[in-house]
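Peer 1: I am attaching a structure below and will ask some questions about it afterwards.
The values are calculated or read from the model by the stated rules, or taken from the named source; none is laboratory data. It should be emphasised that the depicted structure is a prediction, and the values quoted were computed from it without experimental measurement. Positions of Cβ are backbone-derived with ideal geometry, glycine not excepted, and every protein chain shown enters the neighbour counts.
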Ligand code: BES
Ligand code: ZN
């Protein structure tokens, strides 16, 4: 069993947290009844055909949880998050016995209980109740093949096309389909793992150290406590390249559903970022920023997701400004993302509860289904507003450092953060900045709709103007060819082109024929390899029913499976002509097998909504 170590806070008493009482309706577990001291995974990976059946692909082995009972009255069972795709075949219990160094593990009974469509409870019954403060170890033997937590790819779905690949994506609630656990961001613990792979494969994990144990085994240790969703594994025919010290990136296969995922010590990124321009930098800065906001200080439940993403957007843009100056690409991206948020709010209705910073998590609703821009951009605006109240960038930067120091290795609610903010700035507290009419902290958190404060983005205006004016020219019934030709777009950076295309899309459908001419005039746009440009060109093509270029949409959707690219294009196809709708159905039929299971479900909803 893991030995009792002082808490990472250095053993000093830490402030009582609002989050200590918070519920997580997305977890089926009794995580408040135990302290999870350590998790060890001992898994063997086998690549075979998709299951079920003998020899099919899967991970099998054991999960070992070191626990301490926290119930003053004792506990009669351990309830963990699990998923129907985990086949648990045995459970054993090792209990501390006075005088016995390594007491034997005894088989115990277990059963599952339905919870929601995204998980179930795995209950391990104790023959005798464990008492308060008692240490115990629970050993679970299990196997996982197909399922939403472990993503298996055939060789042809990888870059090398020779060997299969497997990866896990835990956020938000998918790791319960990888190993049985307390699948809540409220709980943090250290883990280790021993992973056995077939000949010629390499395993990597989100861990602080790793070593090879024999030709086919990899041993990992994460020596800082992290939440379940940050445990990640990938196995494949991996090659490595030295690009810089101390920070590992894993370029994922094209079907990886996100731009980036902040798995500690090993950020996962989409290969779409290898565009040859600077588009990689922002995402990497974003994921590195999560090291502090999200990974050290974590939202205690998914309703407070903005604490992860809003702070990270703020840190990302602070860093970009320092690195690239005030006219940094992020300023454009920020404008265009705010435009998107605006559109999102217009489409979903400002009053939509998802347009609140703090989302009320409903039992039975998968937190991933509520994913949208609000926690990112409204979160960014709120943090910017709090910086604006302070009025001095250095002071606010120092506050952010103090905030991370105060809450590192813990999971918090917005109230914990806001209490700390007001304590740190007593003069603001005295001024009651929390209840300034129209800008009440409570309003920021709990009222849906457009943020009451936006940071000043005017420095970027002058550079964005030309893109806006050019878009205006292309929206005319009679094209002013002279004026159009006078604007040279070849020196424009990708983000300026992106902004231009966003404006074109806003004005679409354009008068007949204009999009065809636009595509011919700017082959660098209509034949772009950059994914952000391909997405937007696809959206424009569909909005204008420019069928000549439909094949580009299809090709793009075959080439990658990022959720943020895939869903808007299917929305556009299904909102388009008969031909566009047919394209959607055909494309989905032939790509579904390579997409992440969440993305498959979302596309399904768009292409053939349930109940239609
Ligand atoms: N943690 C998120 C990705 C995520 C969110 C996965 C929710 C699962 C559930 C990651 O840090 C992220 O925000 N990625 C962005 C990058 C962008 C904002 C620079 C992405 O993938 O687009
Ligand atoms: Zn993020």
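Peer 1: Give me the residue from the range 292-312 that is in contact with a strand residue (DSSP E or B) (Cβ under 7 Å, 6 or more places away or on another chain) and within 11 Å of ligand 2 (Cβ to nearest atom) and, out of that set, nearest to residue 172 (Cα to Cα).
Peer 2: 305
Peer 1: On the basis of being part of a loop (DSSP other than H, G, I, E, B) and within 16 Å of ligand 2 (Cβ to nearest atom), does residue 170 make the cut?
Peer 2: So residue 170 passes the test.
Peer 1: Please find, within the range 365-385, the residue that is farthest from residue 258 (Cα to Cα) out of those that are more than 11 Å from ligand 1 (Cβ to nearest atom) and out of contact with any helix residue (DSSP H, G or I) (no Cβ under 6 Å at 6 or more places or on another chain).
Peer 2: The qualifying residue farthest from residue 258 (Cα to Cα) is 385.
Peer 1: Looking at the range 155-163, is at least one residue modelled with pLDDT of 95 or more and either within 26 Å of residue 105 (Cβ to Cβ) or crowded, with 20+ Cβ neighbours inside 10 Å (or both)?
Peer 2: No, because not a single residue in the range 155-163 is modelled with pLDDT of 95 or more and either within 26 Å of residue 105 (Cβ to Cβ) or crowded, with 20+ Cβ neighbours inside 10 Å (or both).
Peer 1: Still on this structure: Regarding residue 556, is this residue within 20 Å of residue 260 (Cα to Cα) and either in the same structural domain as residue 149 (by TED's automatic domain parsing) or part of a helix (DSSP H, G or I) (or both)?
Peer 2: Yes: the conditions hold for residue 556.
Peer 1: Looking at 535, 542, 567, can you tell me which residue is part of a helix (DSSP H, G or I), within 16 Å of residue 595 (Cα to Cα) and modelled with pLDDT of 95 or more?
Peer 2: Exactly one residue qualifies, and that residue is 567.
Peer 1: Next question. Can you list the strands (runs of 3 or more DSSP E) lying wholly within the range 217-291 that have 1 or more residues being under 14 Å from the mean Cα position of the chain (by Cα), under 20 Å from residue 560 (Cα atoms) and within 13 Å of ligand 2 (Cβ to nearest atom)?
Peer 2: Passing ranges, in order: 267-269.
Peer 1: Can you give me the number of residues within the range 392-419 that are under 22 Å from residue 184 (Cα atoms) and not in a helix (DSSP H, G or I)?
Peer 2: Qualifying residue count for the region: 6.
Peer 1: Same structure again: Does at least one position in the range 201-208 carry a residue that is within 16 Å of ligand 1 (Cβ to nearest atom) and either assigned to a strand (DSSP E or B) or closer than 30 Å to residue 560 by Cβ (or both)?
Peer 2: Yes, some residue in the range 201-208 is within 16 Å of ligand 1 (Cβ to nearest atom) and either assigned to a strand (DSSP E or B) or closer than 30 Å to residue 560 by Cβ (or both).
Peer 1: Let me ask something else. Search the range 448-476 for residues that are in a loop (DSSP other than H, G, I, E, B) and pair each with any residue that is surrounded by fewer than 16 Cβ atoms within 10 Å (Cβ to Cβ) and modelled with pLDDT under 90 when their beta-carbon atoms are under 7 Å apart and the residues are at least 6 apart or on different chains.
Peer 2: Between residues of the range 448-476 that are in a loop (DSSP other than H, G, I, E, B) and residues that are surrounded by fewer than 16 Cβ atoms within 10 Å (Cβ to Cβ) and modelled with pLDDT under 90, the close pairs are 448/350; 448/351; 448/352; 448/353; 449/350; 449/351; 450/350.
Peer 1: Still on this structure, please answer the following. Counting only residues that are under 19 Å from residue 64 (Cα atoms) and in contact with a strand residue (DSSP E or B) (Cβ under 7 Å, 6 or more places away or on another chain), give me the strands (runs of 3 or more DSSP E) lying completely in the range 86-153 with at least 3 of them.
Peer 2: 86-95, 110-116, 119-130, 135-144
Peer 1: Would you mind stating whether residue 150 is surrounded by 21 or more Cβ atoms within 10 Å (Cβ to Cβ), assigned by TED's automatic domain parsing to the domain that holds residue 80, in contact (Cβ under 8 Å) with a residue 60 or more places away in the chain and over 19 Å from residue 79 (Cα atoms)?
Peer 2: Yes; evaluated as a whole, the condition is true for this residue.
Peer 1: Can you tell me which residue among 51, 58 is more than 23 Å from residue 186 (Cα to Cα), out of contact with any helix residue (DSSP H, G or I) (no Cβ under 7 Å at 6 or more places or on another chain) and surrounded by 21 or more Cβ atoms within 10 Å (Cβ to Cβ)?
Peer 2: Testing whether each residue is more than 23 Å from residue 186 (Cα to Cα), out of contact with any helix residue (DSSP H, G or I) (no Cβ under 7 Å at 6 or more places or on another chain) and surrounded by 21 or more Cβ atoms within 10 Å (Cβ to Cβ) leaves just 58.
Peer 1: Determine whether residue 405 is touching a residue at least 40 places away in the same chain (Cβ under 8 Å), over 18 Å from the mean Cα position of the chain (by Cα) and either within 14 Å of ligand 1 (Cβ to nearest atom) or surrounded by fewer than 19 Cβ atoms within 10 Å (Cβ to Cβ) (or both).
Peer 2: No: the conditions fail for residue 405.
Peer 1: Before we move on, is residue 315 away from ligand 2 (no atom under 16 Å from the Cβ), more than 20 Å from residue 565 (Cα to Cα), in contact with a helix residue (DSSP H, G or I) (Cβ under 9 Å, 6 or more places away or on another chain) and at pLDDT 85 or above?
Peer 2: In short, no.
Peer 1: Follow-up. I'd like the full set of residues that are modelled with pLDDT under 90 and either out of contact with any helix residue (DSSP H, G or I) (no Cβ under 9 Å at 6 or more places or on another chain) or near ligand 1 (Cβ under 8 Å from one of its atoms) (or both), limited to the range 269-291.
Peer 2: Result: 276, 282.
Peer 1: Restricting to the range 509-521, count the residues that are in contact (Cβ under 8 Å) with a residue 24 or more places away in the chain, assigned to a loop (DSSP other than H, G, I, E, B) and surrounded by fewer than 20 Cβ atoms within 10 Å (Cβ to Cβ).
Peer 2: Matching residues across the range 509-521 total 2.
Peer 1: Check residue 185 against each of (1) exposed (fewer than 15 other Cβ atoms within 10 Å of the Cβ); (2) modelled with pLDDT of 95 or more and name the one condition it does not meet.
Peer 2: Looking at each condition in turn, residue 185 falls short on (1).
Peer 1: Determine if the range 49-56 includes at least one residue that is on the phi < 0 side of the Ramachandran plot, touching a strand residue (DSSP E or B) at 6+ places or on another chain (Cβ under 8 Å) and part of a strand (DSSP E or B).
Peer 2: Looking through the range 49-56, none of the residues is on the phi < 0 side of the Ramachandran plot, touching a strand residue (DSSP E or B) at 6+ places or on another chain (Cβ under 8 Å) and part of a strand (DSSP E or B).
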